[in-house]
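The values are calculated or read from the model by the stated rules, or taken from the named source; none is laboratory data. Note that the structure is predicted; figures quoted are calculated from it, not measured. Don't worry about glycine lacking a Cβ; one is built from the backbone with ideal geometry, like all the others, and counts go over all protein chains shown. In case anyone asks, the SASA skips ligands and DNA or RNA and just uses the protein heavy atoms, side chains included. Shrake-Rupley method; radii C 1.70, N 1.55, O 1.52, S 1.80 Å.
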Amino acid sequence: MRLFCFALPPYPSVKRSVFPESGEQRNTECLEGSFWPKSLPILTGCNSDAAWLEAHSECPVTVDERLRGHNYGDWCGQSLKTLSPESLAQWMMDPDFSPPAGESRTRMYARLAGWLSDIREVQNPVILGVDAEVVRALTLLAMGLNAEAVEKLDILPQSWSVLSFYRTWRVQAVSVPNNRITFEVIFGSENDR
């Protein structure tokens, strides 16, 4: 089993220090010129990403809600500046803290750990087109770490990370920029493009 994890571009609101709202569209113009192997199934975590991923990759895309990004609850659409310093500190330091009507990092990691456990029995490689925070969580989980390790790893948007499973999860590549990836080495022959 191999997972080719592509960290999607951030939502425009994130660049303005605003928690993304449900259904917000990504800026996908930056993906022009990148390509994906045509022979591998693609999974994503949210419906709003599936259509443009399908158009860009020219492959069918399956949505698995367990691969969605963080649920920020009532903080969706709010600027970081509107949060109290105490709430922001709790959010940054306590993996068990959850925004009102939202999800804690611990809960998100548990959701993704369940998915990672289920997918390891799949024989064929899979591409994930998911949020960078999901790629980070999957990578940390593959290394036996949890939500408390979130500050130990950064994942660049529009980068590839590769995880494999044979008796245990292994990290083969982390946060390789889209324009620097060696597709022949990671994905196989040029016929797979």
If you line up the long axis of helix 105-119 against the longest principal axis of the chain, both from Cα atoms, how many degrees apart are they, to the nearest 10? 20 degrees
Relative to the first principal axis of the alpha-carbon coordinates of the chain, what is the inclination of helix 132-142, with its axis defined by its Cα atoms, in degrees from 0 to 90 and to the nearest 10? 70 degrees
Can you tell me the order of 131-138, 43-50 when each peptide is scored by its average per-residue count of other Cβ atoms within 10 angstrom, highest first? 131-138, 43-50
Summarise the accessible area of the stretch 42-152 (1.4 Å probe, protein heavy atoms) by the percent that is carbon and sulfur. 51 percent
Counting only heavy atoms of protein chains, what accessible area per residue, in Å², does the chain have with a probe of 1.4 Å? 51 Å²
For Lys81, give me every one of the lysines with a C-alpha distance below 26 angstrom, ignoring sequence neighbours fewer than eight places off in its own chain. Lys15, Lys152
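Add +1 for every Lys or Arg and -1 for every Asp or Glu among the other residues with Cβ under 10 Å from the Cβ of Asn71, and state the total.
On the way: positive: Arg68, Arg107, Arg111; negative: Glu103.
Net of charged neighbours comes to +2.
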Between helix 47-57 and the chain: long-axis angle, C-alpha atoms, 0 to 90°, nearest 10: 30 degrees
Please label the shape of the stretch 1-142 as rounded, prolate or oblate, based on the square roots a ≥ b ≥ c of the eigenvalues of the alpha-carbon gyration tensor (a/c under 1.5 means rounded; beyond that, a/b larger than b/c means prolate, else oblate). oblate
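Only Lys, Arg, Asp and Glu count, each charged at its Cβ (+1, +1, -1, -1), so figure out the dipole size of the stretch 47-193 about its Cα centre, rounded to 20 debye. Before the final figure, lay out each step's value.
On the way: 13 positive and 20 negative charges, 67 e Å.
Roughly 320 debye for the stretch 47-193.
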